[in-house]
1. Only residues that are assigned to a loop (DSSP other than H, G, I, E, B), closer than 30 Å to Glu13 by Cα and modelled with pLDDT of 95 or more: list them for segment 147-176, please.
2. Grab the helices (runs of 4 or more DSSP H) fully contained in segment 262-361, keeping just those with 1 or more residues being of a type in the set (Ser, Thr, Tyr), at negative phi and out of contact with any strand residue (DSSP E or B) (no Cβ under 9 Å at 6 or more places or on another chain).
3. With the requirement that a residue be buried (at least 19 other Cβ atoms within 10 Å of the Cβ), under 14 Å from the mean Cα position of the chain (by Cα) and either in a loop (DSSP other than H, G, I, E, B) or in the same structural domain as Asp245 (by TED's automatic domain parsing) (or both), what does segment 362-394 give you?
4. Answer with yes or no whether Thr26 is among the hydroxyl-bearing types (Ser, Thr, Tyr) and either part of a loop (DSSP other than H, G, I, E, B) or under 21 Å from the mean Cα position of the chain (by Cα) (or both).
5. For segment 35-75, how many residues are in a helix (DSSP H, G or I) and more than 19 Å from Val94 (Cβ to Cβ)?
6. Search segment 199-224 for residues being surrounded by fewer than 17 Cβ atoms within 10 Å (Cβ to Cβ) and under 12 Å from Asp308 (Cα atoms), and hand back the single one that is nearest to the chain's Cα centre (by Cα).
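The values are calculated or read from the model by the stated rules, or taken from the named source; none is laboratory data. Keep in mind that what you see is a predicted model, and the values were worked out from it rather than measured. In this analysis, Cβ positions are derived from the backbone assuming ideal geometry, glycine residues included, and neighbour counts consider all displayed protein chains.
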Amino acid sequence: MSGEHVPELSPAEQSLVDLIDEAAVTALTTALVEAPSENPGGTEGAAVEILEKACRALGFAVDTYEVAAERPNLIATLPGGDGPGLMFLGHSDVVPAGPNWTADPYTVRTRDGRLYGRGTTDMKGGIASVVAAMSVLSRARDFGVGLSGPVRLVCTVDEEEHGIGVRDFVGRPADSEFLGCIVAEPTDMQIVRGCRGASYIEIEVTGRAAHSGRPADGRSAINAAAAIVDFIRADHEHLHETLDDLLGCGTWNVGTIQGGQGISVVAPTCSLGIDRRLMPFEDPHAVAGDLRKAIRDRAIDTDGITVDVRVTMEMPGFATAADHPLVTAAVGAVTDSGTATSVGGWSAACDGGFVSRDLGIPSIVLGPGNINTDAHQPDESVAIADLVTAAKAYTLAGLRLLA
């Protein structure tokens, strides 16, 4: 077909990608999915044990340590030279299966070239593709290619909730330098060079109860909360007045509201649960501080009303330059694996923000499966061919960045 891309692989690259074992990628994905690791509702221990055994069998140096009871992080390393290495990042937890599955979500089914089960896309399939690529890269010297630095898989717990795994990981002393990190989340093999961050801000409003027949005797926490919601709505609109080409802008969403004692009582309490998406340069504690100031400036928390504003979850955003070698190598690797790709931003958040912010490692997100159409829903699935493509792309990226 005219205009179709012709892969440009060296003989060594071709020999190595030919070693990608579809059956092995499928088997590891299946084994990981069939070790349930729902979050909340369980632990990641069983899934991580399977991953650890697979990595040890391939000769990787493996370290696991518990972040919480039965919640172990895993670090698997393929040694290389003394130069900076390449990191792959994944998470072992999955969201709860939920209702409306057509079969057991933790018994993998194969149909029309796809694997069905909770976690096939987000993101146990991506982890299996990384392991397959590392297995092939361990053979690089057989084809005259030496790796200038290590290749490392970091698999963390609790990504779907509070991020205790990645927070623990980035807080530990570094033992190697890395030129880049590829987060194997499902992007449909499109290259995400920037993500917005996420934060949860919880607000507790306290007023004073009174009989509803004499509301002036009390102080309504619901009325105060409504004024806060009005400010948040206005600020959300204000943020959209200035859009970044890659990530757009930060956003507000009031997701929950609870309050009041009864219909005939002036509401003494009200609570708000708020999602604030963050641009890479934004600090959620500074955002919360600005919100507190706005509440004070508008006299919402005076005359018998108190307001407590707390950040209860944060996940930083990041942006990697379009011309960074990690990005350009990934573009070539995916394209030469036979898949069209693009470079852009992501409205979702991921653990890569911590690696970028706290460790200073440039990051991208690149993985098999589609986060919008396949992840976090009944009958989650991933195409086996996409798992193989991801393994090939990870292999080529590793070779081109570290050879």
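1. Filtering segment 147-176 down to residues assigned to a loop (DSSP other than H, G, I, E, B) leaves 147-150, 157-163, 171-176.
Pick out the ones that are also closer than 30 Å to Glu13 by Cα and you get 147-150, 175-176.
Hits for segment 147-176 are Leu147, Ser148, Gly149, Pro150.
2. Correct list: 325-335.
3. Leu366, Gly367, Pro368, Gly369, Ile371, Ala375
4. Working: among the hydroxyl-bearing types (Ser, Thr, Tyr): yes; either part of a loop (DSSP other than H, G, I, E, B) or under 21 Å from the mean Cα position of the chain (by Cα) (or both): no.
The answer is no for Thr26.
5. 4
6. Glu202
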